[in-house]
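The values are calculated or read from the model by the stated rules, or taken from the named source; none is laboratory data. Note that the structure is a prediction, hence the values are computed from the model and not measured. Cβ placement follows ideal geometry from the backbone for every residue including glycine, while neighbour counts extend to all protein chains displayed.
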Amino acid sequence: MKNKLINFLLGLMPLLLGCNNTSHNGIVKSNSIHKTRMSFCHYSVEDLKKQIIGRPLKELPIFPCYVCRDTILFGDDDIEWNGKAYYKNNQLAFLAETNWSDKIKITRITIFDKNIQVNTGIGIGTTLKRLRPNINIKPSSNPDGYLSFNDRTDRNIFYFMNVDKYPELADGRVDDANKMPNDIVVKFIVISQK
């Protein structure tokens, strides 16, 4: 019984460590994210961008401490595309997506984990007051219901704000961050390949 339990637990190990091992002739590609700003299980927005954007979905690296699940996303008109959802402590941490026209390469990452921040320390929960020096003051183009700002130094990073308390901000009536309340916070971060 003890040996069966050990074998069962060893069989679960690959699921607990990550969602795919890319293997070529018995060689397993490991995660090669640089260690300058991160400790074990801590990744920056820039780390994820470097390791994921533009890579084939089937060749994404392993991210220790995250459980990965293949997923299918649906858009308008029944359009679908593929992605991988990464979870930490049973919470969605980030989502890597292809798109409807290229279902092979990752073109977008959406970050929900407050511990994944840009190198300047901006992350989920950062207030607009703290964010202002790091963004373009004019909001990015968005569908109604969303408010986002482009990062000032990396045009591929967008900060989507939680505007639940301020519906007038979600429909484009205010087009200057300096005229918006200081207390709105980043709800999620998107890295997009242009």
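Quick rundown of the values:
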read-out: Cross-chain or 6+ apart pairs with Cβ under 6 Å, the stretch 154-180 first and touching a residue at least 60 places away in the same chain (Cβ under 8 Å), then among the aliphatic types (A, V, I, L, M); value: Asn156/Ile191; Ile157/Ile191
read-out: Condition check for Lys49: touching a strand residue (DSSP E or B) at 6+ places or on another chain (Cβ under 8 Å), surrounded by 17 or more Cβ atoms within 10 Å (Cβ to Cβ), assigned to a helix (DSSP H, G or I) and charged (D, E, K, R); value: yes
read-out: Filter pass, Asn115 being touching a Gly at 6+ places or on another chain (Cβ under 9 Å) and surrounded by 13 or more Cβ atoms within 10 Å (Cβ to Cβ); value: yes
read-out: Any hit, the stretch 148-165, residues being among the aliphatic types (A, V, I, L, M) and within 18 Å of Glu46 (Cα to Cα); value: yes
read-out: Candidate set: the stretch 170-185, residues that are outside any loop (DSSP other than H, G, I, E, B) and surrounded by fewer than 19 Cβ atoms within 10 Å (Cβ to Cβ); chosen: the one nearest to the chain's Cα centre (by Cα); value: Val185
read-out: Some residue of the stretch 125-136 being closer than 29 Å to Lys88 by Cα, in a loop (DSSP other than H, G, I, E, B) and either of a type outside the set (Ser, Thr, Tyr) or touching a Leu at 6+ places or on another chain (Cβ under 8 Å) (or both); value: yes
read-out: Only one of Thr126, Thr107, Thr120, Thr71 that is in contact with a Phe, Trp or Tyr (Cβ under 8 Å, 6 or more places away or on another chain) and hydroxyl-bearing (Ser, Thr, Tyr); value: Thr126
read-out: Checklist (1) farther than 19 Å from Ile189 by Cβ; (2) at pLDDT 50 or above; (3) among the aromatic types (Phe, Trp, Tyr) applied to Phe8, failing item; value: (2)
read-out: Failed item in (1) closer than 26 Å to Met161 by Cβ; (2) in contact with a strand residue (DSSP E or B) (Cβ under 7 Å, 6 or more places away or on another chain); (3) touching a residue at least 40 places away in the same chain (Cβ under 8 Å), with Ile104 passing the rest; value: (1)
